[in-house]
Amino acid sequence: MKEILLKKAVEMLEMSYSPYSNYRVGAAILTESGKIYTGCNIENASYGATICAERTAAVKAVSEGEKKFKAIAIACSGNTFAYPCGICRQFLYEFSDSEMKLYLIKADGETAETYFEQTLPNGFRGSDME
Ligand code: THU
């Protein structure tokens, strides 16, 4: 599954709409039901309106009723791994558990992997308000 997710994330680089940064990001999320949802970064002339690849994939999944993520793969056009930005870490955390995997691939094909939770230790959940 890791290889499939990485491949789909790389394929999404082609769909990236990034005329301002020229930096492409692709993502693929595996949900609990076994489906894969993909996304890319989509920029805007009003820069702050840009959405990252990870959140594009996540909103596609959640809007189809998929609220439990098992893994995410992230590809980028640069030669440094594209670990999710702070906003994406919090956004994804909502639909993750401690088992969720994070796979990364950069332009030269090198890969890395970790648990997603490692990117947001002691993250905040809705259940923390109970
Ligand atoms: N970007 C992502 O898609 N994901 C990240 O985790 C980091 C940043 C995008 C947003 C923007 O289109 C470009 O990369 C430069 O910030």
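The values are calculated or read from the model by the stated rules, or taken from the named source; none is laboratory data. Being a predicted model, the structure only gives us computed values, none of them experimental. Note that each Cβ is placed from the backbone with ideal geometry, even for glycine, and that neighbours are counted across all protein chains shown. Surface areas here come from the heavy atoms of the whole protein model, side chains and all, with no ligands, DNA or RNA. Shrake-Rupley method; radii C 1.70, N 1.55, O 1.52, S 1.80 Å.
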Q.
So in segment 70-82, with the set limited to residues that are among the β-branched types (Val, Ile, Thr) and assigned to a strand (DSSP E or B), which one is nearest to the ligand (Cβ to nearest atom)?
A. Ile74
Q) If we keep just the residues of segment 93-130 that are touching a residue at least 60 places away in the same chain (Cβ under 8 Å) and not basic (Lys, Arg), which is nearest to Ala58 (Cα to Cα)? A) Tyr103
Q | Residue within segment 114-128 that is within 18 Å of Met1 (Cα to Cα), within 16 Å of the ligand (Cβ to nearest atom) and surrounded by fewer than 17 Cβ atoms within 10 Å (Cβ to Cβ) present | A | yes
Q. Within segment 92-113, which residues are loosely packed, with under 13 Cβ neighbours inside 10 Å and not acidic (Asp, Glu)?
A. Ser98, Gly109, Ala112
Q. Restricting attention to segment 46-65, does a residue exist that is assigned to a loop (DSSP other than H, G, I, E, B), out of contact with any helix residue (DSSP H, G or I) (no Cβ under 7 Å at 6 or more places or on another chain), within 15 Å of the ligand (Cβ to nearest atom) and open to solvent by 10 Å² or more (accessible area, probe 1.4 Å)?
A. yes
Q: Can you confirm whether segment 83-91 contains a residue that is open to solvent by 70 Å² or more (accessible area, probe 1.4 Å), in a loop (DSSP other than H, G, I, E, B) and either on the phi > 0 side of the Ramachandran plot or within 11 Å of the ligand (Cβ to nearest atom) (or both)?
A: yes
Q.
Being of a type outside the set (Gly, Ala, Ser) and more than 24 Å from Met15 (Cα to Cα) is true for just one of Lys68, Lys60, Lys106. Which residue is that?
A. Lys68
